[in-house]
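Here, each number is a calculation from the coordinates, and none is a lab measurement. This is a predicted model, so every value here is computed, not measured. Heads up, the Cβs are rebuilt from the backbone with ideal geometry, glycines too, and the neighbour counts pull from every protein chain shown.
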Amino acid sequence: MAPNSLLCLLLFLLFKTLYSADIFPGPGSTLRANSSTSWESPGRNFSFAIVADPDNPGSYVAGVIFSSLPIWKAGDSVDAGGSFDFLSDGNLRLRNGSGTVIWQSRTAGLGVTAAALNDQGNFVLRNRTGIVWDTFSNPTDTILQNQNFTSGMTLKSGDYSFSVPNSGNLTLVWNNSITYLNQGFNSTLDRNKGLIAPILMLQSVGILRLFDDSLSSSVVVAYSSDYGEGGDIVRFLRLDSDGNLRAYSAPRGSTTPNLRWSAVQDQCLVFGWCGNMGVCSYNDSGPICICPSGNFEFVDPNNPRMGCKRKQRIEDCPGSSTMFQMEHTQFLTYAPERSSDVFFVGITACRLNCLAGGSCVASTSLSDGTGLCFLKVSSFVSGYQSPALPSTSFVKVCAPGVSNQPPPASSQQQIRSSKLRVGVIVLVVVGTVLGLMFMEFGLWWSCCRNSRKFGTLSAQYALLEYASGAPVQFSYKDLQRSTKVFREKLGAGGFGVVYKGTLANRTVVAVKQLEGIEQGEKQFRMEVATISSTHHLNLVRLIGFCSEGRHRLLVYEFMKNGSLDNFLFSSESSGKLNWDARFNVALGTARGITYLHEECRDCIVHCDIKPENILLDENYNAKVSDFGLAKLVNPKDHRYRTLTSVRGTRGYLAPEWLANLPITSKSDVYSYGMVLLEIVSGRRNFDVSEDTGRKKFSLWAYEEFDQGNIGSIVDKRLSLHDIDAEQLFRAIQVSFWCIQEQPAQRPSMGKVVQMLEGILVIEKPPAPKATEGSLGSTSTNASASVSALSTFAASAPAPSSGSSHQALGQNNHPKLRIKVLLPGKHFFYCWICFYSAEIQQHSSGSGVGWGGVVVGCIETETVVRIESVGSVSTLQKFSNTALFSRKGHKSKFSTRPNSYVGVEDFQRKK
């Protein structure tokens, strides 16, 4: 019995070894369409076969199959007589029924002896030395889990292609010409530095990662909605025929994969999805394709995605041509089109410029406050129409333009119904007159009865209708429908409750329902005016609003991962937020606040920076939210105003608030410092416990820092081995500088970003004061600011003019080279010596500035304006000095009255 048992065991192990070695039919084997024959992987998870083409009924595709779904295809589809041959010379060949060769592997002469399909889904050809060809190295439209997708590979599906260049960005291209997605999905990647050989991989746990030899660790690109789920699941990334890159997962044996992630969230943003001159829109079932106007018709009425064609060519117009206007419509403009044929003009000029241009076929004017106009001169035009789009488009047609309405009744029908129409018209006129009379009486009665309550509201809110760049206005009924009558509550914040909703174009949003007519009114007017004009990666975007009767609602983009406090102070979520993610959140938050303070036309003070107002998107990127306490601070008035009616949050209020002193952007810096300390420690800054000696946490943390016990400050849930020590040390020092008692001692948020990034060397901060609200005499003059700033930041010796590093300090005045752009591609350089570290980047009118420099055009005169910086006692007054002349137009360097600037030298250039 023993020998027989041993023999059976040896035979079983031999069989198992051969079976797992992917034994496959050898050269000379053939697969045929309309046949059930297939080549199976060892675990029968994958097969190689010829199956029906899911995208082309009546056709067949040959390739690697998972659950009846082709995940690798050998060339194009074939007819019912097609065959796939493994030839004796080692070549793979796909033929149509007529014998035409559709595809071949070109592996003849390489000594191929065997083919195999393993349980990872990779189909390989081998010779005596190893693998000579495999499907993982030659992907078509799909990447399987744990498959390396390198920078030299491309996925293709119809007119669309996907690749990952050395920038590390996910790149989607239409027809090898229009790039409609070029985006990195995680801010940790330095986009200014190219990678060596990036590799994209969809891991078995559902995380899309980017690997490169230049990176210390892999970068998370995106998360599947079911990431973390293991088990017997197959995942794959596929470029679908509609031009969208999506991640799917399916249990082994399942016939239907589940969508888990999409690169393009809004399908209508995929260029060319509705074909040439087609316009993508939405109905209740999803995206649909329509024609721009009644002057067009579908190329194929049975397939609207084939695009539209003109009923009459522009060249054959019997009369003149005109521009047909389409509201809430954009003609998509991506690179390389975006770099040219773009103007800063109004809607009328945008229409007329295209009408006068012989090659222009359409134009789009943005009503988001930028005044941008895009002229479409290409032969292929792709459109998008949605009530949420703040834009107006025009398409050139033969006059008159015809809207997409049903055609009018025939002449015979008109004759038969003429008498009826006369009667209807009479009734309509009489009814309208009576209706207006009753309406007027009703309005008069309502106004008289409720004038005290609502008399002032209508005039105030009427101004919003004319606000430049205002977001989309929704009706209350629309928002009721999108939120399912405010069913799913996300949370409650200042002035109202936030609900989850879904717009008609499938965009998930957060709808904030304001409460309290008086405070809600003030909050509403302020937020609509400020948030709609701010656009930054680290700010929550305002999509629209509702102002209807008593209802005041704001519609924001939805943040999947909620607020930061859920991850810092809740043990359930903390595992997902490691040190790298926390530092990225800290840096992203700082960049968002910097934008509000230094890069907007007017300085915006948030006034309520706290973890609850820092939201995280699906990739854990930080976005600052809730401008409920934000006020516009006029930078001309010494960059601050006293704020009234403000509310803060315990633990984040700057001392000057409690001392009833002027509130500046430095108050936000204080709040950010407290948040930064919480990001490091994972505990509330106002916690008082036994392990801190009953001291306020921030004071106890400084004592530990001063004694070198940094590890005791760090969140115990973090592994010290996974923390970047330099980042940690910088973050702790920055937090203590931010929470200094005197506002002048705190850095600006721009300097905070530079310190966190390691651009500025940070000196040891002094200890924060023990008692809030006990400010001594505060000095707001520039000299005090300079003195204070010289203590918290120091850098290497003054760099060259081209360096982005700035040397700060009272005894080391830096020179900053500024390139000032002028119309007509002219420019000049000037050297300016700044005596203050308060250097801001901002915009004004049609120009942009850096370091207090604002460039703008006033009629024929180009003006360079220098804002007041530095100490009056040490700076030289400089006014009305001519720089040069351009085409006879005087160009000036000028300042406002009582402005001072230190100027060492000017270098003129063209």
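Details
- Over segment 539-625 - Rg/Rh using Cα atoms and the Kirkwood inverse-distance radius: 1.03
- From the largest down, segment 142-265 spans 43, 35, 23 angstrom on the principal axes of its Cα atoms.
- Put simply, the amide H of Leu372, placed in the peptide plane, has neighbours under 5 Å in Leu366, leaving out anything fewer than 5 places away on its chain.
- Full-stretch length increase - Arg506, Lys764 - with 0.36 nm per residue and alpha-carbon distance subtracted: 87.8 nm
- The trypsin sites (Lys or Arg not before Pro) of segment 210-289 that meet both conditions, a loop assignment by DSSP and at most 16 other Cβ atoms within 10 Å of the site Cβ, are Arg252.
- You can think of it this way: the chain between Asp89 and Ser241 has 51.3 nm of extra reach, that is 0.36 nm per residue less the Cα-Cα gap.
- Cβ-to-Cβ counts within 10 Å put His328, His721, His551, His606 in ascending order as His721, His551, His328, His606, the fewest first.
- For segment 47-120, the set of trypsin sites (Lys or Arg not before Pro) satisfying both a DSSP loop assignment and a count of at most 14 other C-beta atoms within 10 Å is given as Arg106.
- Taking label positions 7 Å along the Cα-Cβ direction at both Glu327 and Arg550, the computed distance is 2.9 nm, reported to one decimal.
- In order through segment 536-551: 3J(HN,Hα) via Karplus (6.51 cos²θ - 1.76 cosθ + 1.60), integer Hz, x for Gly, Pro: 8, 4, 9, 10, 5, 8, 8, 8, x, 8, 9, 10, 9, x, 7, 7
- A crude spin-label estimate for the pair Ala108 and Asp316, with each label 7 Å from Cα along the Cβ direction, gives 5.0 nm.
- Stretched out straight at 0.36 nm per residue, the stretch from Ser137 to Arg481 would grow longer than its current Cα-Cα span by 119.0 nm.
- Lys, Arg +1 and Asp, Glu -1 on Cβ, resulting dipole of segment 142-265 about Cα centre, debye, nearest 20: 20 debye
- Long-range amide H partners of Cys603 with built H, under 5 Å: Val633
- Measuring against 20 Å, Cα to Cα, the residue pairs Lys716/Lys769; Lys73/Lys156; Lys610/Lys764; Lys560/Lys623 contain Lys716/Lys769; Lys610/Lys764 as the ones spanning a longer distance.
- Coarse-grained scattering of segment 16-124 at q = 0.14, 0.24 Å⁻¹, given as base-10 log I(q)/I(0) from a Debye sum over alpha-carbon atoms: -0.52, -1.40
- Qualifying trypsin sites (Lys or Arg not before Pro) in segment 277-320, DSSP loop, other Cβ atoms within 10 Å at most 16: Lys311, Arg313
- Scanning residues 5 or more positions from Arg260 or on other chains, those with amide H under 5 Å from its amide H are Ala247, Tyr248, Ser249, with H placed 1.01 Å from N in the peptide plane.
- Calculated FRET efficiency for the pair Arg601/Phe380, C-beta based, R₀ 45 Å, to 0.05: 0.80
- Applying the Karplus relation 6.51 cos²θ - 1.76 cosθ + 1.60 with θ = phi - 60° to segment 117-125 yields 3J(HN,Hα) values of 10, 8, 6, 8, x, 9, 9, 10, 10 Hz, where x marks Gly and Pro.
- Order of Thr507, Thr30, Thr329, Thr348 - criterion: other Cβ atoms within 10 Å of each residue's Cβ, fewest first: Thr348, Thr30, Thr507, Thr329
- Under the simplified labelling scheme, the Asn709-Phe686 pair shows an inter-label distance of 2.6 nm, with each label point 7 Å from Cα along Cα→Cβ.
- Sequence ranges 286-295, 701-710, ranked by mean other-Cβ count within 10 angstrom, highest first: 286-295, 701-710
- In plain terms, the residue of Asp141, Asp226, Asp85 with the fewest other Cβ atoms within 10 Å comes first and the most crowded comes last, giving Asp226, Asp85, Asp141.
- Karplus-based coupling profile of segment 757-765, in residue order and whole Hz: 6, x, 6, 9, 7, 9, 7, 5, x, with θ = phi - 60° in 6.51 cos²θ - 1.76 cosθ + 1.60 and x standing for Gly or Pro.
- Size check on segment 269-398: the Cα extents along the three principal axes, sorted descending, read 39, 36, 25 Å.
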